[in-house]
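**Q** Quick one: the structure is below, questions incoming.
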Amino acid sequence: MYVNNGFKGWFQGGRVTFFRDVPGFAVYFGAIEKLSELMAGAGESPSQLGTLKLMLVGGLGGMISWFSTFPLDVIKSRMQADGNRGQFIYKSVIDCALKSYRNEGLMVFYKGLVPTLLRALPCNAAVYSVYSLSYRLMSDRTILSRETIS
């Protein structure tokens with residue numbers, strides 16, 4: 001990459017990564033909030049969900065996020081790989097999207113979606129549940145240590 005593109009090559013696809021990740025994380029955390037509310041039983045707070053429900057919320061939130069931003073991920077991957085063999089095909093993100101659509105049709109933006117969603121479920125289930133349980137543990141210890149000091 002460096003040989004063909006220099007220092008600039010390390011950041012190829014960076015702009016489209018930003019435009020994928022910002023809405024992607026907004027969708028992810030929005031989905032987690034809504035799913036947590038839906039999973040909470042009568043009288044149960046979303047912040048007190050059990051481990052299995054946390055895993056389901058995280059996994060589904062990840063799947064929803066990836067589904068919503070996958071076309072941008074396809075463009076990002078194409079932009080990152082562009083020019084790695086010495087010849088550039090795309091002039092910009094828009095050019096990449098238009099050329100991809102013209103050459104391969106609308107479904108080009110969903111190539112690889114199923115494996116990505118299958119990966120997103122266990123990956124995001126693990127990450128979100130560990131994060132949530134760790135946060136609870138640290139919050140409980142902080143409360144306990146404050147009570148001990150008082």
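**Q** Could you grab me the full set of residues in the range 1-32 that are charged (D, E, K, R) and surrounded by 12 or more Cβ atoms within 10 Å (Cβ to Cβ)?
**A** Let us first name the residues in the range 1-32 that are charged (D, E, K, R), namely 8, 15, 20-21.
Hits for the range 1-32 are ARG15, ARG20, ASP21.
**Q** Kindly indicate whether GLU104 is within 30 Å of SER129 (Cβ to Cβ) and charged (D, E, K, R).
**A** No, not satisfied.
**Q** If you scan the range 96-144, which residues turn out to be among the β-branched types (Val, Ile, Thr), free of Cβ contacts under 8 Å to residues at least 40 places away in the same chain and surrounded by 15 or more Cβ atoms within 10 Å (Cβ to Cβ)?
**A** Just the residues of the range 96-144 that are among the β-branched types (Val, Ile, Thr), to begin with: 108, 114, 116, 127, 130, 142-143.
Among the residues that remain, those that are also free of Cβ contacts under 8 Å to residues at least 40 places away in the same chain are: 108, 114, 130, 142-143.
Result: VAL108, single match.
**Q** On to the next question. When LEU144 is evaluated against the numbered criteria (1) under 25 Å from the mean Cα position of the chain (by Cα); (2) at pLDDT below 90; (3) not acidic (Asp, Glu), which criterion, by number, is the only one it fails?
**A** LEU144 satisfies every listed condition except (1).
The values are calculated or read from the model by the stated rules, or taken from the named source; none is laboratory data. Every value quoted in this text rests on a predicted model; they were computed, and no experiment measured them. As a convention, Cβ positions derive from the backbone with ideal geometry for all residues, glycine included, and neighbour counts pool all protein chains shown.
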